[in-house]
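Everything below concerns the one structure shown next.
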Amino acid sequence: MTQDAEVDALVRARIRGLRLAKGWSLDDLAGRCYLSPSTLSRIETGHRRIGLDQLTAIARALGASLDQLVDSGGDAVVIKPHHHPERGITTWVLSGEEGGSGMTVARLRITRPASRRPEDLRVHPGRDWFTVLSGTIELVLGDRVVVVEAGEAASFSTMVPHAFGARGGPAEVIAVLTPDGERTHVDS
């Protein structure tokens with residue numbers, strides 16, 4: 001099977017799967033995207049080519065984006081860690097652009113303490129949130145140092161110069177990062 005044929009089959013399966021997940025018949029979806037039920041049936045079964053105008057209408061009716069329908073990047077089942085030994089961080093990116101919110105959810109294992117050097121404090125637009133799963137995190141916010149223990153969470157404006165690190169041994173957090181925060185805390 002060619003890559004184009006694989007993407008085509010994937011799009012058709014996603015259309016059918018989303019329709020069925022919503023509990024909709026072909027008639028229900030047809031009424032929402034202004035196509036006939038027979039056209040939708042032929043699209044789902046591969047007996048008719050899908051036009052861009054049809055795909056756009058179907059995606060809108062299903063509450064999906066075109067990207068979500070045609071992305072063939074594969075759904076990761078096992079998320080591999082990214083080690084940054086020089087920074088003392090191991091990252092597992094749990095979600096990204098799929099959510100459409102522009103936010104990233106990541107699990108971080110932090111082994112180094114927070115730097116207090118002014119040149120190491122980061123500033124970027126947005127807001128970061130994290131909850132400490134284990135250990136203790138030291139959050140440096142400008143001149144303040146905030147200690148966040150296991151089971152506690154923190155939320156702060158990232159326009160305040162900031163850094164965070166482990167205190168007294170390794171710590172693990174789940175972090176919700178805006179796009180600039182992802183680039184600053186996960187990618188760099």
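Here are some notes:
- Of all the residues in region 1-28, those that are loosely packed, with under 15 Cβ neighbours inside 10 Å, under 21 Å from Asp71 (Cβ atoms) and of a type outside the set (A, V, I, L, M, F, W, C) number 6.
- Within region 117-164, the set of residues being free of Cβ contacts under 8 Å to residues at least 40 places away in the same chain, open to solvent by less than 50 Å² (accessible area, probe 1.4 Å) and among the β-branched types (Val, Ile, Thr) comprises Thr136, Ile137, Val140, Val146, Val148, Thr158.
- Scanning region 138-188 for residues that are among the hydrophobic types (A, V, I, L, M, F, W, C), modelled with pLDDT of 95 or more and not in a strand (DSSP E or B) turns up just one, Ala150.
- Residue match in region 70-81 (condition: part of a loop (DSSP other than H, G, I, E, B), open to solvent by 70 Å² or more (accessible area, probe 1.4 Å), modelled with pLDDT under 90 and among the hydroxyl-bearing types (Ser, Thr, Tyr)): no
- Odd one out for Thr90 among (1) open to solvent by 60 Å² or more (accessible area, probe 1.4 Å); (2) under 30 Å from Pro113 (Cβ atoms): (1)
- Among the residues of region 29-62, those that are assigned to a loop (DSSP other than H, G, I, E, B), free of Cβ contacts under 8 Å to residues at least 40 places away in the same chain and open to solvent by 40 Å² or more (accessible area, probe 1.4 Å) comprise Tyr34, Ser36, Gly46, His47, Arg48, Arg49.
- Criterion violated by Gly96 - all others in (1) modelled with pLDDT under 85; (2) open to solvent by less than 40 Å² (accessible area, probe 1.4 Å); (3) among the small types (Gly, Ala, Ser); (4) over 30 Å from Asp120 (Cβ atoms) satisfied: (4)
The values are calculated or read from the model by the stated rules, or taken from the named source; none is laboratory data. Bear in mind the structure is a predicted one, so any value in this text is a computation, not a measurement. Note: ideal-geometry Cβ built from the backbone for every residue, glycine included; neighbour counts use all protein chains shown. Surface areas here come from the heavy atoms of the whole protein model, side chains and all, with no ligands, DNA or RNA. Shrake-Rupley method; radii C 1.70, N 1.55, O 1.52, S 1.80 Å.
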